[in-house]
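The values are calculated or read from the model by the stated rules, or taken from the named source; none is laboratory data. No experiment lies behind these values; they were computed from the predicted model shown. Please note: Cβ atoms are built from the backbone with ideal geometry, for glycine as well, and neighbour counts cover all protein chains shown. Surface areas here come from the heavy atoms of the whole protein model, side chains and all, with no ligands, DNA or RNA. Shrake-Rupley method; radii C 1.70, N 1.55, O 1.52, S 1.80 Å.
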Amino acid sequence: MQWVLAIFLGLSLAASTGLNTFLPLALLSAAAKWHVAGIQLTGPFAWLGSDAALIALGIATLVEIIADKFPAVDHALDTFGTFIRPLVGSAAFAAALGKADPATAAIIGLIVGGTTTFGVHAAKSGTRVASTASTMGCANPVISIAEDATALGMTATGLFLPLLVPFVIAGVVWILVSFARAVKRRK
């Protein structure tokens with residue numbers, strides 16, 4: 001059962017990273033630092049529980065959250081995110097596997113975590129493109145707030161209610177795809 005919970009936590013972190021690059025890692029860092037929800041990071045990921053990591057990830061999260069509210073900047077962040085988010089999602093997934101062999105955790109993180117992150121990021125990007133095309137970017141800050149709240153919610157679900165993670169991720173992807181399709185039909 002421990003492995004199932006670790007995999008679901010990894011999935012929630014990876015999916016959340018598809019929406020917000022640093023927020024899931026910052027929350028994982030805080031959980032590891034203060035041993036919230038039994039999170040203990042070991043081996044090559046123990047550094048995530050350090051004060052330096054928590055401060056750096058907190059600052060990166062704050063900068064990303066603020067910058068993503070500006071229509072021209074959000075496009076640049078999404079372009080950058082296409083490359084960086086799958087890597088961060090892979091690392092977050094691998095970190096969630098805790099006591100697994102580091103090589104195994106890294107491989108599973110790349111395959112499952114990276115793919116999950118990229119899939120959610122692609123759905124998010126499609127939603128953003130549809131929003132930009134239909135509202136000339138005016139709705140993007142509101143959508144960004146919803147993405148941040150969703151990333152926070154998915155990460156919290158992974159930490160505290162990991163058995164619900166598959167349902168939450170499926171719901172988020174369905175909402176993103178439905179929104180993008182609705183906007184395309186409207187055009």
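If you stretched the chain out fully between residue 101 and residue 170, how much longer would it get, using 0.36 nm times the residue separation minus the C-alpha to C-alpha distance?
Taking 0.36 nm per residue and subtracting the Cα distance, the gain is 22.0 nm.
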Rounded to the nearest 10, the angle in degrees between the Cα long axis of helix 2-17 and the longest principal axis of the Cα atoms of the chain comes to 30
Probe radius 1.4 Å, ligands and nucleic acids ignored: give me the carbon and sulfur share of the accessible area of the chain as a rounded percent.
77
In nm, give the distance between the simple-model label positions of residue 186 and residue 163, each being 7 Å from the Cα along the Cα-to-Cβ direction.
3.9
Mean residue ellipticity at 222 nm from the helices of the chain, using -39,500 (n - 2.57) per DSSP H segment of n ≥ 4 over the full residue count, to the nearest 500 deg cm²/dmol?
-25500 deg cm²/dmol
Computed label-point distance, nm, for sites residue 149 and residue 50 using a 7 Å Cα→Cβ extension:
3.6
For the stretch 139-155, take each phi angle, set θ = phi - 60°, evaluate the Karplus expression 6.51 cos²θ - 1.76 cosθ + 1.60, and give the result in whole Hz per residue in order, putting x for glycine and proline.
7, 4, x, 5, 5, 4, 5, 5, 5, 4, 5, 5, 4, 4, x, 5, 5
How long are the three semi-axes of the equivalent ellipsoid for the stretch 57-187, computed from the Cα gyration tensor as the root of 5 times each eigenvalue, in whole Å, largest first?
27, 16, 14
On alpha carbon coordinates alone, what is the Rg over Rh value for the stretch 58-118, Rh being the Kirkwood radius?
1.10
Potential lengthening between residue 3 and residue 78 on full extension [0.36 nm per residue; Cα-Cα distance subtracted]:
23.8 nm
The chain, relative contact order in percent, only Cα pairs under 8 angstrom and at least six apart counted:
34
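Pairs on different chains or at least eight residues apart, Cα atoms closer than 20 Å: how many lysine pairs in the chain fit?
Here the count comes out as 4.
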Over the stretch 1-75, how many percent of alpha carbon pairs lie in each 10 Å bin up to the one with the longest distance?
19, 46, 26, 9, 0
Row for the stretch 133-187, column shape: gyration tensor on C-alpha, a ≥ b ≥ c, rounded if a/c < 1.5 i.e. under 1.5, prolate if a/b over b/c, else oblate; value oblate
Any chance you could give the angle, 0 to 90 degrees and rounded to 10, that helix 23-33 forms with the longest Cα principal axis of the chain?
20
